[in-house]
Structure formats: C-alpha cells, structure tokens
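**Q** Dropping a structure here in structure tokens format, bear with me for questions.
The values are calculated or read from the model by the stated rules, or taken from the named source; none is laboratory data. Computed from a prediction, not measured in an experiment: that's the story for all the values here. Heads up, the Cβs are rebuilt from the backbone with ideal geometry, glycines too, and the neighbour counts pull from every protein chain shown.
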Amino acid sequence: MLYLGKGGELEHLENLMGEGNFTVPVPQGQNVSVMVTPLSSIFVFNQSSHYGNVEELYLWSSDQVSINTGGVHYPGLVTISGETSPFTEVNISVYGPGGVQVMREMTDSGGEYSAQLTVSTPGEYRVVVETSTGIENSTTFTVLPRLANVTIHVVNSRGSPVSGVEVQVGNESGTTNSSGMVVFSLPTGNYTVRLTPPYPYVEENRTISVVAPGDYTFTIALAVLNLSYRVEFNETGLPPGTEWYVNVSGIHYSRNSTICLLLPNGNYTFTVGAQGDYVAKEPVGHFTVNGSNLVVQVTFIPEVFPVIVKETGLPPGTEWYVNVSGMRTVPVLSSSFTLLLGAGNYTISVMAQGYTSNVTLLHLVVNSTRTILVLFSPLRANETQISGSNASGIGVENSTGEVRVNSTPITREVNVTVETQGQIRVNPVEIGIPVVALILVAIAVMMRRK
C-alpha cells in the first residue's frame, strides 16, 4: 500500500508489491514515477506534480513496522524503538515471564517511534507492536539478573583446604579445587549451600545471603565423621586375676585383664585403680585419640601406708632401732621415724642400748596410717632387762603376753602388767620352778657383788 503525503496529509495512491520502478497516478490525474527500495520507506520521484517540486513529495510504504529492543538486558530500563510509516499511530504491548502483560502504550510515529520500560524480573519478554493501519510485528528480549561473584571455600577443622567437595547453591553446582574453592555467579537472594564431601568428612548445609553485584567469599569448615578407634589399656604389677578398672570421662570399665575401649577422636582424662592392696603409680592420666588406635600403659604397685614411730625418753643423739618382722632399720637419731609398709600384719619392736622400751613385741595390722608412741626408760643398776609382747596395743595397761628375761623366754605362761612409764611387772602368780631358780641365781649374783 502506497501513500503520498505533504504537510501531514496522506492520500491513497495504489497497492504496490515488491520493489522496482513504478508509475502511479496522483490526484489531479497526473502520473508520478517512483522507485521502491526495501531498505527505506522513502521513494524518489523523477518528475513534479501539482504538489510542488519533486523534493517536497514523498511516498511511504505502510506494509512494515520494525522493532529494536537491544537484545540482552539486566534489571533496569529497556528502550523499545522502531520505524514505520509517518503519521501512523503505533500500539506497543510487552508481556513478561509467564505471559503477564507489563506494558501497553500508544505512540504517534513520525516515521520512528520509541518507548521505555523498567523491568526487574529476569526472564524472557515479548514485544508486540501494531500500527493504526493494521500492520503488526513482534520480537523478544531477555532480562538477565545482576550477578554476584560468590566463592565457597571449604576447609577442615585445622583450616586446611578440602578438595573434591561437591557444592550445590540453588540450581548451580560445582566441585572444590585443590585450594578448596569453587566460584558461582548468583543473583541477589538467600541460598542454601549443600556440601557433599569425600570420606571421612560429614555433609554440611549452610545458608548464605548475597546482593548483586558484589564479591563474596564464604568459608565453611567440615567436621570429620564420628569414627571410633581402639584404645587399649594394659597393666603391669598386679597378681594374675586381680580385678582393676578404668574410668574414662566418667564411664567405668572393669576387668581382670586388658581393657579395650572404642572411642572417637578427642582429648580424654582417665583414672585407674585396682582391688586389694595395690595402687596405680599414676592414678590420673590423659590421652588423645587422633585418627588411629592407641595403647595406654598402666603400672600398679603395692599400696603402702606410713607407720610413724615417735619416741620419748632418749637423750638427743641417742641411737635407737625399729625391728619390723625381724628386719632391723638403720640407726635412728631423731625422735621420729616413718616406715612405709604395705597392707598386712607385722611384728614391731623398738630398742635402744641401755634403755628399756614399752614396745618390745607389737603385733600391728597395717591398712591405714598408724602412729606408735615409744617410751624409753634407762636401765637401773643390777636391773635385768625384760622384754615381752603387748598384744592389746601400745601404751595399754594390764596387757599379757610372752616375757623374756635377758632375751631368754620364760617357759611358763605368766601374767605381765605394763605399767605407766613403760615398766613391766611380772605378776607372782603360778611362778614355776624355772622362774624361782632364775630369781635365786639373780639374788646370788647380787650378794657376791656386795
């Protein structure tokens, strides 16, 4: 369809198809030769008409309308423009993602038209233009989201990079490199980061927020699977079959042989003990499980108790001795001496040259700290030293037991009284002939000395 126009008026001339040279009638019956070109709506006249000089006459083709949207866009302003016949109204309609109409605008055309649209939602948009002469055209443009550069950095509990971790962020996925990193381009939004690591790490999820455009780095530390490792406690020093125990972080384990536990990585404190008269050389200890099996050695020793022997009655610097079940101690020069004895039954005697002691043969049960008080008294002239047992305990009066005169035991049982100040008195009850003979011999010796 061709039109002739001047001063804003349009007059219909003739339908023309294709391109080339044509002669068309103009009003007033005059003919005008025109050349139709496909790239322009302007036709060149080769003669004048009643409209005036040839330069003032134009022909327009109304069979096309062009659209230009600029292709790919980001959220913001989009310009829609095109060309069509002058003095033609153009109706512009834009449909967003999902087919929802987001714009409808009518504009006058002087041969060119344009309109602007603000878009925020990424996706594909369809533009439809229609002229008042019934010509229609359409096209599409794409709106891409503005993106942020997001780096996911995956490390272990020591801060070392973990490679080979599959990372999913929204609909995007990737795998960490040797530096433990993977990079994504993401629009503004909140995302869940899902990490699927290689063995022996635990899967991890993390929520992140980004605002495009921008650069972000998120470091995520992975935990190791809660693996258990063998921790073996071995003991030495206990008699075979003796039951012993280990407490690890408040949990009690007991056996009469090696104790084996399965524990995950971590730092632990333990205590050990045993039945009977044995104690651990180190009753409290610590160990660390760090990805491998472990052996903990425990040493038991017989339990010992202090037996404190305190003496009075000796001049300073006087040597005295303690006999423990027939074993004599080194000379003691101080007023106190401590024995370390394991649990059990012992016989104790204390002596000093030239002195009598109230502890001559003590039967002592040791199962805790004990204190023995010893009283020394000087031997008087012509006094026979008598030693004996005190079965009821040290310092207790009216005890009975074995009596020795000058280290020779009396063959008959007699009553012995341990008096205050450590003096021992043999009661004259049922004294037999051997005792009488000893007394007579002692009297004879004393008479001879006189």
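**Q** Determine which member of the set V272, V298 is over 30 Å from I372 (Cα atoms), in contact with a Pro (Cβ under 8 Å, 6 or more places away or on another chain) and crowded, with 17+ Cβ neighbours inside 10 Å.
**A** Going through V272, V298 in turn, the sole match is V272.
**Q** Moving on. Taking the conditions exactly as written (touching a residue at least 40 places away in the same chain (Cβ under 8 Å), surrounded by fewer than 20 Cβ atoms within 10 Å (Cβ to Cβ) and closer than 25 Å to L227 by Cβ), does N149 satisfy them or not?
**A** no
**Q** Given the conditions (1) of a type outside the set (D, E, K, R); (2) in the same structural domain as L195 (by TED's automatic domain parsing); (3) more than 30 Å from G266 (Cβ to Cβ), which single one is not true for V154?
**A** Failed condition: (3).
Table: residues versus (1) closer than 30 Å to P200 by Cβ; (2) at pLDDT 90 or above.
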{"residue": "A274", "(1), (2)": "no, yes"}
{"residue": "V296", "(1), (2)": "yes, yes"}
{"residue": "T312", "(1), (2)": "no, yes"}
{"residue": "P315", "(1), (2)": "no, yes"}
{"residue": "T329", "(1), (2)": "no, no"}
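**Q** Counting only residues that are of a type in the set (G, A, S) and not in a strand (DSSP E or B), which one in the range 198-238 is nearest to the chain's Cα centre (by Cα)?
**A** The selected residue is A223.
**Q** Test L186 against the stated conditions and say whether it is closer than 28 Å to S292 by Cα, touching a Phe, Trp or Tyr at 6+ places or on another chain (Cβ under 9 Å) and either part of a strand (DSSP E or B) or outside the structural domain of E282 (by TED's automatic domain parsing) (or both).
**A** So L186 does not fit the description; no.
**Q** What pairs come out if I take residues in the range 324-342 that are closer than 16 Å to I372 by Cβ and touching a residue at least 24 places away in the same chain (Cβ under 8 Å) and pair them with residues that are assigned to a strand (DSSP E or B) and of a type in the set (D, E) whose C-beta lies under 6 Å away, six or more apart or interchain?
**A** S335/E311
**Q** What are the pairs, 6+ residues apart or on separate chains, where a residue within the range 231-252 that is under 10 Å from V298 (Cα atoms) has its Cβ under 7 Å from a residue that is part of a loop (DSSP other than H, G, I, E, B)?
**A** Filtered contacts from the range 231-252: F233/T258; N234/T258.
**Q** Hand me the list of strands (runs of 3 or more DSSP E) wholly inside the range 260-369 holding 1 or more residues that are more than 30 Å from V248 (Cα to Cα), more than 38 Å from the chain's Cα centre (by Cα) and not assigned by TED's automatic domain parsing to the domain that holds Y245.
**A** In the range 260-369, 304-312, 321-324, 336-342, 344-351, 355-357, 362-366 are the strands (runs of 3 or more DSSP E) which contain 1 or more residues that are more than 30 Å from V248 (Cα to Cα), more than 38 Å from the chain's Cα centre (by Cα) and not assigned by TED's automatic domain parsing to the domain that holds Y245.
**Q** Looking at E235, E282, E204, can you tell me which residue is touching a strand residue (DSSP E or B) at 6+ places or on another chain (Cβ under 6 Å) and more than 30 Å from I152 (Cβ to Cβ)?
**A** Checking each option against the conditions leaves just E235.
**Q** From (1) in a strand (DSSP E or B); (2) in the same structural domain as E83 (by TED's automatic domain parsing), pick out the condition that doesn't hold for L195.
**A** (2)
**Q** Given the structure, is T121 free of Cβ contacts under 8 Å to residues at least 60 places away in the same chain, part of a loop (DSSP other than H, G, I, E, B) and either more than 30 Å from V193 (Cα to Cα) or not assigned by TED's automatic domain parsing to the domain that holds T196 (or both)?
**A** yes
**Q** Let me ask you something else. Do you know which residues across the range 353-377 are in contact (Cβ under 8 Å) with a residue 60 or more places away in the chain and of a type in the set (A, V, I, L, M)?
**A** Of everything in the range 353-377, those that are in contact (Cβ under 8 Å) with a residue 60 or more places away in the chain and of a type in the set (A, V, I, L, M) turn out to be V366, I372, L373, V374, L375.
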